[in-house]
Amino acid sequence: MIALLAIPLTVLSMQQAADSAIAQRLAGRVPPQIASLVEDLGTAAAAHGLPIDPLIQKAIEGSAKGVPPDRVATALRVVAMHLDTAATALRDGGLPSDTLAIAAGEFAISAGLSGSDITALARTGANAAALTVGLRVAGTLAALGVPPAEDIGLVSVELRAGEPASTLLLLPANVQAEMAKGATAAQAAAGLARAAAAQARHGPPPGRGQGHPPPPHPPHPPAPAPHP
């Protein structure tokens with residue numbers, strides 16, 4: 001009987017700890033009804049291995065902006081739904097539970113991408129850290145108006161190529177630069193994806209990725225003139 005009670009009591013203590021942590025972070029920053037809702041949603045999320053930070057941040061952000069509590073409550077329920085969608089999509093793509101990647105997936109979904117888009121990025125084979133950056137970048141591109149097909153196409157090419165985070169983080173600025181020249185968001189992303197795919201096939205253009213050539217040898221000093 002004692003053994004049977006151990007598991008429920010352990011779960012209860014974990015839930016109480018999660019509630020306490022959420023309450024401390026929200027104390028004095030959100031209305032009581034919002035704090036209570038975040039505790040409920042956060043406890044349920046944590047029990048399923050989902051991150052709670054996006055819920056806390058959304059509550060604080062909405063309250064700081066003076067958004068009515070009923071609208072903040074609606075937004076919080078949407079965030080909870082997106083977290084669950086992101087986690088399912090990542091599992092479908094072969095990524096074990098990773099709270100940072102799930103939070104990044106929620107960000108991308110909130111920006112307009114779908115669960116299938118998240119799964120497509122997970123299937124590139126990128127590790128969790130790279131995928132997390134890729135999801136954040138994909139969400140930013142979506143917010144810039146890049147359609148999902150071109151968005152996922154561009155980020156997927158870069159993830160498959162194993163590009164570092166610094167290169168991934170430049171993609172939104174590169175898209176904006178092309179848009180400033182007259183390209184649409186879709187055209188800009190598609191053009192960058194073609195260039196990245198070509199580079200992955202054939203290597204970097206001449207002069208890139210090969211380091212600097214060694215400096216030329218200094219000329220030999222002239223031989224001294226013979227004495228008369």
(Q) Just to check I understand the Karplus step: with θ = phi - 60° and J = 6.51 cos²θ - 1.76 cosθ + 1.60, what whole-Hz values come out for the range 56-69, glycine and proline as x? (A) 5, 5, 5, 5, 5, 4, x, 5, 5, 8, x, 5, x, x
Q.
Rounded to the nearest 20 debye, what is the charge dipole size of the range 97-202 about its Cα centre when +1 sits on each Lys and Arg Cβ and -1 on each Asp and Glu Cβ?
A. 240
Q) Going by average Cβ neighbours within 10 Å, how do the peptides 39-45, 28-34 rank, with the highest at the top? A) 39-45, 28-34
Q | Relative contact order of the range 97-202, defined on C-alpha pairs under 8 angstrom at six or more residues apart (%) | A | 27
Q: Please find the FRET efficiency linking SER166 to GLN57, where r is the Cβ-Cβ separation and R0 is fixed at 22 Å, and quote it to the nearest 0.05.
A: 0.30
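None of the figures in this text is laboratory data; all of them are computed from the coordinates on show. Being a predicted model, the structure only gives us computed values, none of them experimental. Neighbour counts run over all protein chains shown; Cβ positions are idealised from the backbone, glycine included.
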